[in-house]
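Since every read-out is calculated from the coordinates, none of them should be taken as a lab result. Computed from a predicted structure; not experimentally measured. When we count neighbours, we look across all protein chains shown, and the Cβ atoms used for this are built from the backbone with ideal geometry, even at glycine.
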């Protein structure tokens, strides 16, 4: 057995996920269709394939202790010039995401690791493309908004072709989602 590259994330549900993925491709990001639209909890991490069962057991425990929470995206941000990324901001649910990613990377677990940058929950909409396209992504999605109840997360594996595929979903242990402001399951890009 060899190594595999895994990641853990909260999927942005439909129709929001596909819309943001299509927009990302439209900005010229060639990786758009190989990466499901998501909020990262564990960045790409290489592990021995034999550890996958232990990782799944660990994620099952983390999810069992979790409770659903409202997620809301609104507006854009960027990590430039530090990193060539434009993203849609997580304006509600970020604290819960931060707690989850800390539990997932816990030193006692099978995927303990340090991060290259401080954790900042976000949804990437442009990465590593030319500056003009990054500026366009930042401007065109400045008024984007979407919200949904987050009820769990998923484990993904990156294939040899660079495409990320879902291995398994991990629903939270609780069933009640706190009320959210505004409409549930909406995603808008206001016309200018």
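Given their separation in residues at 0.36 nm each and the Cα-Cα distance between them, residue 49 and residue 33 gain 3.3 nm when the chain is fully extended.
Stokes-Einstein diffusion for the range 64-131, with the hydrodynamic radius set to the Kirkwood value over Cα pairs and evaluated at 10 °C in a medium of 1.306 mPa s, equals 117 µm²/s.
With the helix formula -39500 (n - 2.57) applied to DSSP H stretches of n ≥ 4, the chain reaches a computed 222 nm mean residue ellipticity of -7500 deg cm²/dmol. Between residue 102 and residue 116, the modelled labels are 2.4 nm apart [label points 7 Å from Cα along Cα→Cβ].
To the nearest ten degrees, helix 52-65 and the longest principal axis of the Cα atoms of the chain are 70 degrees apart.
Relative to the dominant Cα principal axis of the chain, helix 94-104 is inclined by about 30°. Largest mean-square fluctuation among 101, 116, 89, in a Gaussian network model of the chain whose springs join Cα atoms under 10 Å apart, belongs to 116. Note on the chain: GNM, Cα springs under 10 Å; of 171, 118, 84, the largest mean-square fluctuation is that of 118.
If R0 is 25 Å, the Cβ-Cβ spacing of residue 14 and residue 163 corresponds to a FRET efficiency of close to 0.85.
If the range 101-178 were replaced by its equivalent ellipsoid, with semi-axes equal to the square roots of 5 times the Cα gyration tensor eigenvalues, what would those be, largest first, whole Å?
27, 20, 15
For the chain, a Gaussian network of Cα nodes joined below 10 Å ranks 88, 125, 163 by mean-square fluctuation, and the top entry is 163.
Just rank 148, 164, fewest to most, by other beta-carbon atoms within 10 angstrom.
Numbers: 148 22, 164 19.
Lowest to highest Cβ neighbour count: 164, 148.
Both radii are taken from the alpha-carbon atoms of the range 2-82; with Rh as the Kirkwood radius, Rg/Rh is 1.02. Computed from the alpha carbon positions, the gyration tensor of the range 3-173 leads to an equivalent ellipsoid with semi-axes of 26, 18, 14 Å, biggest first.
Each label point was placed 7 Å from the Cα along the Cα-to-Cβ direction; for residue 79 and residue 143 their separation is 2.9 nm.
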